[in-house]
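Every read-out reported here was derived from the displayed coordinates using simple, explicitly stated rules and does not represent laboratory data. Quick caveat, the model's predicted, so the values are computed rather than measured. Cβ placement follows ideal geometry from the backbone for every residue including glycine, while neighbour counts extend to all protein chains displayed.
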Amino acid sequence: MKLLIGNKNYSSWSMRPWVLLTQFDIPFEEVRIPFESFAADSKFKAAVAERSPAGKVPVLVDDDGLAVWDSLAIAEFLAEKFPAQALWPRDPRRRARARSVCAEMHSGFGTMRDVFGMNIEASMPEIGARVLAENAAARADLARMTQLWQEALAESGGPFLFGEFSIADAYFAPVVMRMRTYALPVPPEVAAYIERATTAKGTAAWIRGALAEQEFLAFEEPYRTSRD
């Protein structure tokens, strides 16, 4: 299989299936299509459009050429393709809850996405504090995310959201990165989860790749003018 992704430092949607595949040792070929513009006539859009009419990453291309786009659709496809791996929790109740929280992440938390863009290389605690002080919607998103993680960890007992590492942990990996970059305040049990999630094999490998990138994309950097 091939997985089309964008820049590891910035591409939160790409991170999810890449982390999932890597965590579960599922073989795939990474096809990195660097961001340079999201304009309709950009090289990025043209390259992705060869595989997906949506023109966005990630895109998973199966062995037979089938293209699957959208991170949640890719996760579901992989869960069906590799049933022995238990990418979703095996327990049906936990599986249902894991699907619910992933769907909530998929369609919600718009303010958190907008004001805390993923930027793994950066450390901006002062921005995190300022945005939370000024933005009630950001505070509400953080409170709901904290509640969601606390409830999942309390019910499962950890170490990951639903016990063993699953699609849910891969799906929230970009939020974990945001929490770190902006030093968002969370309770101790959530901070401990963030540490475990960060050091999980798939997430740690993605972080190494992000830190190795040298691109600075101004349109992805609302708070900085350079990496220096």
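Would you please state the base-10 log of I(q)/I(0) at q = 0.15 1/Å for region 92-208, with intensities from the Debye formula using one equal scatterer on every alpha carbon? Scattering profile of region 92-208, log10 relative to I(0): -0.63.
Measuring how big the chain is from its alpha-carbon positions, Rg and Dmax come out at 17.1, 51 Å. Among DSSP beta bridges lying fully in the chain, give the percent that are antiparallel, nearest 5. Given both bridge residues lie in the chain, the antiparallel proportion sits at roughly 65 percent. Every helix of 4 or more DSSP H residues in the chain counts as -39500 (n - 2.57), and over all residues that averages to -16000 deg cm²/dmol at 222 nm.
Report, in listed order, any pair from K45/K81; K8/K201; K45/K201; K8/K43 with a Cα-Cα distance greater than 26 Å. Violating the 26 Å limit, Cα to Cα: K45/K81; K45/K201. Whole-Hz Karplus values for region 19-26 come out as 4, 4, 4, 5, 4, 9, 6, 8 Hz, taken residue by residue from phi with 6.51 cos²θ - 1.76 cosθ + 1.60 and θ = phi - 60°; glycine and proline positions read x.
The stretch between F219 and M124 holds 32.5 nm of extra length on full extension. This uses 0.36 nm per residue minus the Cα-Cα distance. As a rough footprinting exposure proxy, the listed residues I26, I127, I120 were ranked by other beta carbons within 10 Å of their own, and the order from fewest upward is I26, I127, I120. Among L60, L20, L211, the largest mean-square fluctuation in a Gaussian network model of the chain (Cα springs under 10 Å) belongs to L211. The fraction of Cα-Cα pairs per 10 angstrom bin, counted from 0 for region 188-228, comes to 25, 32, 36, 7 percent, rounded to whole percents.
Measuring r between the beta carbons of E195 and A133 and using R0 = 22 Å, the FRET efficiency lands at 0.30.
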